[in-house]
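Quick notes on the structure that follows.
The values are calculated or read from the model by the stated rules, or taken from the named source; none is laboratory data. It should be emphasised that the depicted structure is a prediction, and the values quoted were computed from it without experimental measurement. Reconstructed Cβ throughout: ideal geometry from the backbone, glycine too, with neighbour counts over all protein chains shown.
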Amino acid sequence: MNRAPNDFADADVIRQVLEGNVDAFELLLDRYQGHVSRIVSKHVPRDTVEEVAHETFVRAYQSLNNFRASESFKYWLSTIAVRCCYDFWREQYKHRETPVSSMSRDCQEWIDKLLSERSQESFAGQTRRQEALSLLHWALEQLSAQDRMVLTLTYFGEYSVAEAAKFLGWSVPNVKIRSHRAKKKLRKVLSKALPGDRGVRA
Amino acid sequence: MKPREEQTDRIERALRIAHRTQAEPEFAPAWRQKVMRDIRRLHNEALDKSAEALVFKRIILPFASATAIAAGVLLVLTLNGGLGIEYDVLMLMVEDFTGLFSPELFGL
């Protein structure tokens, strides 16, 4: 009896791809595009998510020979996705010519509103606003590629230090130290954004 | 006004929530086709490369080896039998000290 495409385990699909049935890779694309999109969108700007996710799948295909059937494909793919994001930022920082812009007026207003909110409900409402993400991007832009990756994985993301270390290919102590220092740098950046101590964009 | 530390904490907390709850983008249908097109291209390139490697291994390498062996045998026979221009040139070069400069006569 023929099996439906979804009945194949990841390892079966990978075996088929390695045997030359390249179209079988589309099954993996179907299964994991949402997962990759979730990871990538947490690390890179929205307009580059598709590009970085594309790169993730292409790299996964190219490294499929190195995949060990004993490990989870989802986890293996997550590692590739995180490293693609890291490479994206390294490349961006390498070619960055313009200095970091000052905080926009919208973000300043958002901070003012957030600090004046009293109820928990309105606080939650503020976190859903686009200005929150704009401020986050502005703050992260002032950190190095390594610092922003480690922060978005461990502090803003939901990964443990050990998981982040594995994703980035760093040692656990390195991630711990970098995360601690990056958090301090971020606080410094945010404290400068507080009312009374701001660089205002005209 | 709250102390600065507390205000920074509040912003940080809001940013963490904003980061965790941000909506995931949906990929355009063309995205998937583009990825698969690239994957197929890589697959075809790999096939072409392996075909080239096969031609090199099966045809060019044996032919080059056979030619090199034949040339070696011919040279040994020529020098051994004292025949041919190669022998004359070699003798001219090694007969005495001035012979070492003879390659210059041939423009070498």
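Within region A:5-66, which helices (runs of 4 or more DSSP H) (wholly inside it) include 3 or more residues that are at pLDDT 90 or above and under 15 Å from B:Leu42 (Cβ atoms)? Even if it seems obvious, please write down each step before you answer.
Working: elements: A:10-18, A:25-41, A:49-62.
Of the helices (runs of 4 or more DSSP H) lying wholly inside region A:5-66, those with at least 3 residues that are at pLDDT 90 or above and under 15 Å from B:Leu42 (Cβ atoms) span A:25-41, A:49-62.
Working carefully through the options A:Val44, A:Val82, find the one that is of a type in the set (Val, Ile, Thr), more than 13 Å from chain B (Cβ to nearest Cβ) and closer than 19 Å to A:Leu143 by Cβ. Before you say what the answer is, go through the steps one by one.
Values: A:Val44 fails: more than 13 Å from chain B (Cβ to nearest Cβ).
A:Val82 is the lone residue from the list that is of a type in the set (Val, Ile, Thr), more than 13 Å from chain B (Cβ to nearest Cβ) and closer than 19 Å to A:Leu143 by Cβ.
Has region B:65-75 got any residue that is surrounded by 10 or more Cβ atoms within 10 Å (Cβ to Cβ), in contact with a helix residue (DSSP H, G or I) (Cβ under 9 Å, 6 or more places away or on another chain) and modelled with pLDDT under 85?
Yes, because at least one residue in region B:65-75 is surrounded by 10 or more Cβ atoms within 10 Å (Cβ to Cβ), in contact with a helix residue (DSSP H, G or I) (Cβ under 9 Å, 6 or more places away or on another chain) and modelled with pLDDT under 85.
Tally up the residues in region A:113-141 that are crowded, with 17+ Cβ neighbours inside 10 Å and modelled with pLDDT of 80 or more, please.
Of the residues in region A:113-141, 10 are crowded, with 17+ Cβ neighbours inside 10 Å and modelled with pLDDT of 80 or more.
Filtering region A:181-195 down to residues that are within 9 Å of another protein chain (Cβ to nearest Cβ) and of a type outside the set (D, E, K, R), which residue is farthest from B:Gln7 (Cα to Cα)?
For region A:181-195, the residue satisfying everything is A:Leu186.
Scan region A:27-43 and tell me whether some residue there is closer than 24 Å to B:Thr8 by Cα and of a type outside the set (A, V, I, L, M). Talk me through it step by step, then tell me what you get.
Restricting attention to region A:27-43, the residues satisfying the condition of being closer than 24 Å to B:Thr8 by Cα are A:42-43.
Those still in the list that are of a type outside the set (A, V, I, L, M) too: A:42-43.
Within region A:27-43, one or more residues are closer than 24 Å to B:Thr8 by Cα and of a type outside the set (A, V, I, L, M).
B:His19: within 7 Å of chain A (Cβ to nearest Cβ) and more than 18 Å from A:Asp47 (Cα to Cα), yes or no?
Spelling it out, it is not the case that B:His19 is within 7 Å of chain A (Cβ to nearest Cβ) and more than 18 Å from A:Asp47 (Cα to Cα).
List the number of the failed condition for A:Lys188; all other conditions in (1) within 26 Å of A:Arg105 (Cβ to Cβ); (2) among the basic types (Lys, Arg); (3) buried (at least 19 other Cβ atoms within 10 Å of the Cβ) hold.
(3)
With the requirement that a residue be β-branched (Val, Ile, Thr) and more than 30 Å from A:Pro195 (Cβ to Cβ), what does region B:1-48 give you? Please lay out each step first, then the result.
Keep residues of region B:1-48 that are β-branched (Val, Ile, Thr), which gives B:8, B:11, B:17, B:21, B:35, B:39.
Result: B:Val35, B:Ile39.
So if I check each of B:Glu24, B:Glu45, B:Glu5, which one is within 30 Å of A:His54 (Cα to Cα), surrounded by fewer than 11 Cβ atoms within 10 Å (Cβ to Cβ), within 14 Å of chain A (Cβ to nearest Cβ) and among the charged types (D, E, K, R)? Outline the logic, then answer.
Numbers: B:Glu24 fails: surrounded by fewer than 11 Cβ atoms within 10 Å (Cβ to Cβ); B:Glu5 fails: within 30 Å of A:His54 (Cα to Cα).
That would be B:Glu45, the only listed residue that is within 30 Å of A:His54 (Cα to Cα), surrounded by fewer than 11 Cβ atoms within 10 Å (Cβ to Cβ), within 14 Å of chain A (Cβ to nearest Cβ) and among the charged types (D, E, K, R).
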